[in-house]
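This report refers to the structure that appears directly beneath it.
The values are calculated or read from the model by the stated rules, or taken from the named source; none is laboratory data. Computed from a predicted model, the values in this text were never measured in an experiment. A quick note on method: Cβ atoms are made from the backbone with ideal geometry, for glycine too, and the neighbour counts reach across all protein chains shown.
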Amino acid sequence: MKQSKHFETKVIHEGYQSENFHQSLASPLFQTSTFTFQDAQQGERRFAGEEAGYIYSRLGNPTVTMLEERMASLENGEAGLAFGSGMAAVSAVLIALTKANDHILCSQGVYGCTFGLLEMMKEKYNIECDFSSMDSKEELLSRIQPNTKCIYVETPINPTMKLIDLEMVASVAKEKGIPVVVDNTFCSPYIQRPIELGCDIVIHSATKYIGGHGDVIAGVVVGRKEVIASIKMTTAKDIGGIISPFDAWLLLRGLKTLPIRMDRHSDNAVKIASLLAGHSSVQEVFFPGDANHPDYDIMKKQMKKPSGVISFTVKGSKIDVQNMINRLKLIKIAVSLGDAETLIQHPATMTHSVVPEDVRASMGITEQLVRLSVGLEAYEDIWTDLKQALDGMNK
Ligand code: LCS
């Protein structure tokens, strides 16, 4: 396409040239496992890398390439690589960057299965992982070891909504020559672009805002060409957690509305966060769009606006919290986030139940904490439902 710098145009056009595909308006779906060669010599040339072209869909597929190019452009990176889940993306990156006895420095708080993966890497390969608040240069420097091969950051952190100053982390890491990997799932590239802030690799659970419609499990990685090529030729190719062409097609479709969806998620979340803060059954609201949030200045600096996830604590026991959740009618009880439907979940017993209780406590995940992924419905309806469920706590 004619190159555009505008995000809202790139989400629709980038990575797809209709003139190459019979002028089809929608990007075509190459639902094929393999590609035929004209003759044996062509097969030989393709395997030797002497001739460009597709070979087999685990190694590349045109629909998947369109998604990878679009995501790379949206994150302002050089190249992208799509996976069959966010966890396939996270594991492909972490395994590609490390070998036995290395060290990973991780934000104090990550998605439960990322924590589980780090534990597994420690058990199997003696890859130690330290968790850092990353709240100052000094703290970060004090945690870096000679064998630190990767700084891994979630921001906002799932589910506590703490933020990490990506420019600060990137500047320290650059001095030390350590790559910074950022899980950008909670923001999408519309709201935050870590590569522009000096970070090296961006990961998405594309299951969330990228897809946006609750019908795909997928992951995407974006970074420099040589880094992506090395992940592609090692952990992506040989472990093989690749995306299906159909899921890539659904993500290309979902991406077209990313900016307008994110605007609506964000506007709704701002309103719901402030209403929650005023409810007598709510103890504390964790939402970086709130000027009282301790990381509000970081939000202003590195995010276009707050995204659509809010966490909050309610006054009561675990069973009171579960009963409050059970009273909801419109809002669905489900893990995942970033969908059109508003979703609520209880991190201590759901997404972060694999994290040992003491570690959960150090991350700020109590039994009173609930996470709300604010959807695209009328905020008045979301609030009416939340309010009746919260009002019921005093009865
Ligand atoms: N990174 C983050 C920040 C996530 O929240 C998740 C999934 C993943 C990676 C893994 O992505 P997946 O393999 O599921 O595509 N987070 C979930 C959550 O909070 N609720 O359900 C899944």
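What number of residues within segment 161-207 are away from the ligand (no atom under 12 Å from the Cβ), not charged (D, E, K, R) and not in a helix (DSSP H, G or I)? Steps first, answer last, please.
We begin by selecting, within segment 161-207, every residue away from the ligand (no atom under 12 Å from the Cβ); these are 162-180, 189-201.
If we keep only those that are not charged (D, E, K, R) as well, we get 163-164, 166, 168-173, 177-180, 189-192, 194-195, 197-199, 201.
If we keep only those that are not in a helix (DSSP H, G or I) as well, we get 163-164, 177-180, 189-192, 198-199, 201.
Total meeting the criteria: 13.
Could you check how many residues of segment 251-276 are buried (at least 21 other Cβ atoms within 10 Å of the Cβ), in contact with a helix residue (DSSP H, G or I) (Cβ under 9 Å, 6 or more places away or on another chain) and within 28 Å of Gln388 (Cβ to Cβ)?
Here the count works out to 5.
Go through segment 218-242 and count every residue that is part of a loop (DSSP other than H, G, I, E, B) and more than 24 Å from Phe7 (Cα to Cα).
Residues in segment 218-242 being part of a loop (DSSP other than H, G, I, E, B) and more than 24 Å from Phe7 (Cα to Cα): 3 in total.
Pairs needed: first member in segment 278-289, touching a residue at least 24 places away in the same chain (Cβ under 8 Å); second member anywhere, surrounded by fewer than 18 Cβ atoms within 10 Å (Cβ to Cβ) and assigned to a loop (DSSP other than H, G, I, E, B); C-beta distance under 7 Å; at least 6 residues apart or different chains.
Every condition considered, the pairs that remain are Ser281/Lys315; Gln283/Lys315.
Take the conditions in a helix (DSSP H, G or I), more than 16 Å from the ligand (Cβ to nearest atom) and not aliphatic (A, V, I, L, M) and apply them to Thr65. Does it pass?
Judged against the criteria, Thr65 is a match.
Can you pull out every residue in segment 220-247 that is within 16 Å of the chain's Cα centre (by Cα), among the aliphatic types (A, V, I, L, M) and away from the ligand (no atom under 13 Å from the Cβ)?
Initially, segment 220-247 is screened for residues within 16 Å of the chain's Cα centre (by Cα), giving 220-223, 243.
This time we only want the ones that are among the aliphatic types (A, V, I, L, M), so: 220-222, 243.
Passing the criteria: only Val222.
Name every residue in segment 207-235 that is at pLDDT below 95 and closer than 14 Å to Ala82 by Cβ, in order of residue number.
Listed by number, the list holds a single entry, Thr235.
If you go through segment 369-392 one residue at a time, how many are in contact with a strand residue (DSSP E or B) (Cβ under 8 Å, 6 or more places away or on another chain) and within 17 Å of Pro306 (Cα to Cα)?
5
Got at least one residue in segment 125-134 being away from the ligand (no atom under 16 Å from the Cβ) and free of Cβ contacts under 8 Å to residues at least 12 places away in the same chain?
The answer is no; no qualifying residue exists.
Which count do you get for residues in segment 145-160 that are within 11 Å of the ligand (Cβ to nearest atom) and either out of contact with any Asp or Glu (no Cβ under 6 Å at 6 or more places or on another chain) or part of a loop (DSSP other than H, G, I, E, B) (or both)?
The number of residues fulfilling the criteria is 7.
I need every pair where a residue in segment 89-108 that is assigned by TED's automatic domain parsing to the domain that holds Ser133 and assigned to a helix (DSSP H, G or I) has its Cβ under 7 Å from the Cβ of a residue that is among the charged types (D, E, K, R) and away from the ligand (no atom under 16 Å from the Cβ), sequence separation at least 6 or different chains.
Note: pairs meeting the criteria are Leu97/Lys149.
Of Thr155, Thr234, Thr160, which residue is under 30 Å from Leu376 (Cα atoms), touching a residue at least 24 places away in the same chain (Cβ under 8 Å), of a type in the set (Ser, Thr, Tyr) and surrounded by fewer than 24 Cβ atoms within 10 Å (Cβ to Cβ)?
So the residue among Thr155, Thr234, Thr160 that is under 30 Å from Leu376 (Cα atoms), touching a residue at least 24 places away in the same chain (Cβ under 8 Å), of a type in the set (Ser, Thr, Tyr) and surrounded by fewer than 24 Cβ atoms within 10 Å (Cβ to Cβ) is Thr160.
I'd like to check something: does segment 208-219 contain any residue that is in the same structural domain as Gly112 (by TED's automatic domain parsing) and away from the ligand (no atom under 16 Å from the Cβ)?
Within segment 208-219, none of the residues are in the same structural domain as Gly112 (by TED's automatic domain parsing) and away from the ligand (no atom under 16 Å from the Cβ).
Look at Ser27 and say whether it is more than 26 Å from the chain's Cα centre (by Cα) and either closer than 23 Å to Leu74 by Cα or outside the structural domain of Gly77 (by TED's automatic domain parsing) (or both).
In short, no.
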